[in-house]
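Engineer: The following block contains the structure, expressed as C-alpha cells.
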Amino acid sequence: MSLNFLNPVTTQTWTNGRHLVRCVKVIQETWDVRTFCFMAEQPVLFFFKPGQFVTLELEVQGEQVLRSYTISSSPSVPYSFSISVKRVPGGKVSNWLHDNLDVGHELAVHGPVGNFNAIDFPADKVLMLSGGVGITPLMSMTRWFFDTNASVDLEFIHSARTPRDIIFHRELEHIFSRIPEFRLHIVCERDHELNQAWAGFRGFLSEPMLELMVPDFLEREIFCCGPTPYMDAVKRLLDRRGFDMDRYHEESFGATPREVREDVEDLVEQAEAAADELVAADMHSVEFTSTGKSVRIQPGETVHAAAAKLGLHIPKACGMGICGTCRVPLTSGRVDMEHNGGITEEDIEEGYILSCCSRPVGDVVVDF
C-alpha cells in the first residue's frame, strides 16, 4: 500500500483562508441533524483549535450564500473535518444542505477562526453547558480532550428537547464511560410521543439542578453554547451566584443582526449621500491594487463599504468581524479594526485585516 499521502512535501497544513474541499461522508445523527465530513483532494492537515468554526461558500437557488458552522470533529483526526447541521423549518441553507449536499460534492470553505475554543483558555476543571445543536463546538473540545488524554476534570451538561433530540448520544455515553474524571449529565425538556420515556433530569436547567449535578461549578472554567435564551438564562444564574464571568466563555456566532444585513446598494447610497456633505480634505483614499481602482470615503466607513462603492465584491458572511471570510492584505496605511475573533494575531502581524470591520485612519492601500 502506498504511503505517499504521508509525505510532508505533498501534505499541507490548514491556515485561515479559502480552501476547496469535498464531502466524503454524511452521518444521520438524529432525525433532524446530519454531520457532513470533508477532505481535500491534496492531503491537508486540518488542524484548528477545538471550538472554532468555518464558513461555507455555497450556491443556493442560483445565489451565492455564505454560512458559518462550528466544526464538530476534533483536530486529533487531522486529515478531515466535520460540521453538524440541524434542519430548521424554513431554513434556506440548512434545508439545502440536508437535501443536496452528498458524498462527492465539492465546495469552498473559509477559516478556521474563532475565539471560543479550548486551547486559549486552558483549565484543570471545566464545565460545558450546551443546548440543542449548540453541542457541536463542545463536542469538538470533548473529543480533543478524550483523544489527547488531557488531564482535565470535565463536567458536561447537555439540554435537549426530547430523548430523540440528543445529538451524539451514543458517542457521549461511550466517551464518558471510559474516563472517571469525565461526567455526563443530560436534561430532557419532556418525553417524546413515540414511547421514548426519559428517566433522567427533566425540564429546563435550573440552579438547584446545576448544584445537584456539579456542586463545585463556581470553581470551573465554563464553556457555553446554545440558543440565545438558553445562554442568557445561564448567565443570569451564574451572575446571581457571583461567578467570575472572566471564566465564562460562549459561542457568540449566530444570526447576523438586521442592522448589518443591509443590501450593498443601500450601503452605497448611504455612503454616497454622506460623502456629498464632506469636503474632499476630510475623506480617506482607499486603493485596491489588484484591480487598479480607488475611491475616497468618509471617516468611519469600512474598507468593505469602499469596495462596494467600486463594484468590488469582497466575500463576507457575518459583517461583524467573526467569520474571517472578508480577510484581505493591507499593504499601506492604518485601519481601526474592531473584530470579534475572526482573525488571529499571526494574521494581523502579517498585515491582514477584516474588511467588514476595518475603518481607515488616513489613506490606505489594500491588495484586492
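Engineer: Provide the three semi-axes, in whole Å and in decreasing order, of the ellipsoid equivalent to the range 125-250 as defined by the square roots of 5 times the Cα gyration tensor eigenvalues. Before the final figure, lay out each step's value.
Structural biologist: Working: eigenvalues 91, 73, 32 Å².
Output for the range 125-250: semi-axes of 21, 19, 13 Å.
Engineer: Is there a pair in Lys86/Lys235; Lys125/Lys235; Lys86/Lys125 whose C-alpha atoms are over 21 Å apart, and which pairs would that be?
Structural biologist: Among Lys86/Lys235; Lys125/Lys235; Lys86/Lys125, the Cα-Cα distance tops 21 Å for Lys86/Lys235; Lys86/Lys125.
Engineer: Put +1 on the Cβ of every Lys and Arg and -1 on every Asp and Glu Cβ in the range 4-113; which of Val93, Gly104, Ser76 then has its Cα farthest towards the positive end of the dipole?
Structural biologist: Positive-end residue among those listed: Ser76.
Engineer: Straight distance only, please: which lysines reach the Cα of Lys293 with their own Cα at less than 23 Å, same-chain residues fewer than 8 apart left out?
Structural biologist: Lys309, Lys316
Engineer: What full-extension length gain, to one decimal in nm, is calculated for Arg334 and Ala123 as 0.36 nm per residue of separation minus the Cα-Cα distance? Can you show the working numbers first?
Structural biologist: On the way: separation 211, 0.36 × 211 = 75.96 nm, distance 3.64 nm.
The Arg334-Ala123 span can extend by a further 72.3 nm.
Engineer: Further, regarding this structure: So for each of 198-204, 208-214, 224-230, 82-88 I average, over its residues, the number of other beta carbons within 10 Å; can you give me the resulting order with the highest mean first?
Structural biologist: Top of the packing list down: 82-88, 224-230, 208-214, 198-204.
Engineer: Now, a different point. Give, in nm to one decimal, the length gained when the segment between Gln42 and Asp191 is fully stretched (0.36 nm per residue of separation minus the Cα-Cα distance).
Structural biologist: 49.0 nm
Engineer: What percent antiparallel are the DSSP beta bridges of the range 52-180, to the nearest 5? Write out the running numbers ahead of the final one.
Structural biologist: Working: 13 of 20 bridges.
Close to 65 percent.
Engineer: Next question. What nm distance separates the two modelled labels at Val361 and Asp147, each placed 7 Å from Cα along Cα→Cβ?
Structural biologist: 4.1
Engineer: Let me ask something else about it. Excluding residues on the same chain fewer than 8 positions from Lys25, give the aspartates and glutamates whose Cα lies under 18 Å from its Cα.
Structural biologist: Leaving aside aspartates and glutamates fewer than 8 places away in the same chain, those within reach of Lys25 are Glu41, Asp99, Asp102, Glu106, Glu171.
Engineer: Go from 0 up to the bin containing the longest alpha carbon distance in the chain, width 10 Å each, and give me the % of pairs per bin.
Structural biologist: Per 10 Å bin, starting at zero, the Cα-Cα P(r) for the chain comes out as 5, 22, 29, 24, 14, 6, 1, 0 percent.
Engineer: Evaluate E = 1/(1 + (r/R0)^6) for Thr291 and Trp31, where r is the Cβ-Cβ distance and R0 equals 56 Å; express this FRET efficiency to the nearest 0.05.
Structural biologist: Computed FRET efficiency for Thr291 and Trp31 comes out at 0.70.
Engineer: On the Cα set of the range 4-113, report Rg and Dmax in Å, please.
Structural biologist: Computed over the Cα atoms of the range 4-113, radius of gyration and Dmax are 13.8, 46 Å.
Engineer: Between Met245 and Gln298, what is the spin-label point distance in nm, taking each point 7 Å from the Cα along the Cα→C-beta axis?
Structural biologist: Label-label distance for Met245 and Gln298, simple model: 3.4 nm.
Engineer: Calculate the spin-label point distance for Phe204 paired with Val77, positioning each point 7 Å from the Cα along the beta-carbon direction, and give it in nanometres.
Structural biologist: Taking the two extended label points, one gets 3.4 nm.
Engineer: Contour minus end-to-end for Glu345 and Arg170, with contour as 0.36 nm per residue of separation and end-to-end as the Cα-Cα distance? Provide the component values of the computation, followed by the final result.
Structural biologist: Working: separation 175, 0.36 × 175 = 63.00 nm, distance 3.78 nm.
Full extension of this stretch gives 59.2 nm more.
Engineer: So, how do all the Cα-to-Cα distances of the range 37-171 break down into 5 Å bins, in percent, from 0 on up?
Structural biologist: P(r) for the range 37-171, in whole percents per bin: 2, 9, 18, 21, 20, 15, 9, 4, 1, 0.
No lab work stands behind these numbers, since they all come straight from the coordinates. Keep in mind that what you see is a predicted model, and the values were worked out from it rather than measured. Neighbour counts are summed over all protein chains in view; Cβ atoms, including those assigned to glycine, are modelled from backbone coordinates with ideal geometry.
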